[in-house]
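Report on the following structure.
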């Protein structure tokens, strides 16, 4: 299929690919060899397996957790661009399934609006939300309840007053990227005011 894909590869995928490529050099075993070792010699329970890898094989906690997840058939969506893009579509379908299906038009409209901010905007779904990137995440779309979608915005660099419509998430104090959100219950909530604030967040991500 020609044209721009619906979604873009998450930045974390390249990090995982690099980690896998360097695994044998750094640890003495390739990913396939680690998986075989865990299944053959490791304990049966997940936590025990992670502790075994950390204690006996001196792996870091993140590496041990990731290898165990792979050995037990969890994860894998971040091992290659193709795997991630396939999963990304499923993430969004799951987010807007069941009672949240009626929120899908709001999501689709926000997605189109986010894309319209520039050709460098990337859309990289996660399991519970859809972040929008330029250099960093500047916004995210999340079906927070069965009747509401939140458009999260990154305003750590903004110097000015916010209207009551922009709800403070507490993100600034927690050093999260997303500091404010706009609540939407209908597509009509995507008005000129919302578009202004989305553009402001995008413009700050230079």
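The values are calculated or read from the model by the stated rules, or taken from the named source; none is laboratory data. Keep in mind that this is a model prediction, so the values were computed, not measured. Counting neighbours? That spans all protein chains shown, and the Cβs are built from the backbone with ideal geometry, glycine included.
Restricting attention to segment 96-146, which residues are under 17 Å from the mean Cα position of the chain (by Cα), assigned to a loop (DSSP other than H, G, I, E, B) and touching a residue at least 60 places away in the same chain (Cβ under 8 Å)?
Passing the criteria: 121, 124, 125, 126, 134, 135, 136.
So how many residues does segment 52-69 have that are surrounded by fewer than 16 Cβ atoms within 10 Å (Cβ to Cβ) and either on the phi > 0 side of the Ramachandran plot or out of contact with any helix residue (DSSP H, G or I) (no Cβ under 7 Å at 6 or more places or on another chain) (or both)? Explain how you work it out, then say what you get.
Initial filter on segment 52-69 (surrounded by fewer than 16 Cβ atoms within 10 Å (Cβ to Cβ)): 54-56, 58, 60-62, 69.
Still in the list and also either on the phi > 0 side of the Ramachandran plot or out of contact with any helix residue (DSSP H, G or I) (no Cβ under 7 Å at 6 or more places or on another chain) (or both): 55-56, 58, 60, 62, 69.
Matching residues across segment 52-69 total 6.
Does segment 153-165 contain at least one residue that is touching a strand residue (DSSP E or B) at 6+ places or on another chain (Cβ under 7 Å), crowded, with 17+ Cβ neighbours inside 10 Å and assigned to a strand (DSSP E or B)? First the steps, then the outcome.
Residues of segment 153-165 that are touching a strand residue (DSSP E or B) at 6+ places or on another chain (Cβ under 7 Å), as a first pass: 153-155, 162, 165.
Filter once more, so that each one left must be crowded, with 17+ Cβ neighbours inside 10 Å: 153-155.
Cutting the leftovers down to assigned to a strand (DSSP E or B) gives us 153.
Yes.
Only one of these conditions is not met by residue 21: (1) surrounded by 14 or more Cβ atoms within 10 Å (Cβ to Cβ); (2) outside any loop (DSSP other than H, G, I, E, B); (3) under 24 Å from the mean Cα position of the chain (by Cα). Which number is it?
Result: residue 21 fails condition (1) only.
Within the group 157, 175, which residue is at pLDDT below 95, under 29 Å from residue 87 (Cβ atoms) and not assigned by TED's automatic domain parsing to the domain that holds residue 78?
Numbers: 157 fails: under 29 Å from residue 87 (Cβ atoms).
Answer to the check: 175.
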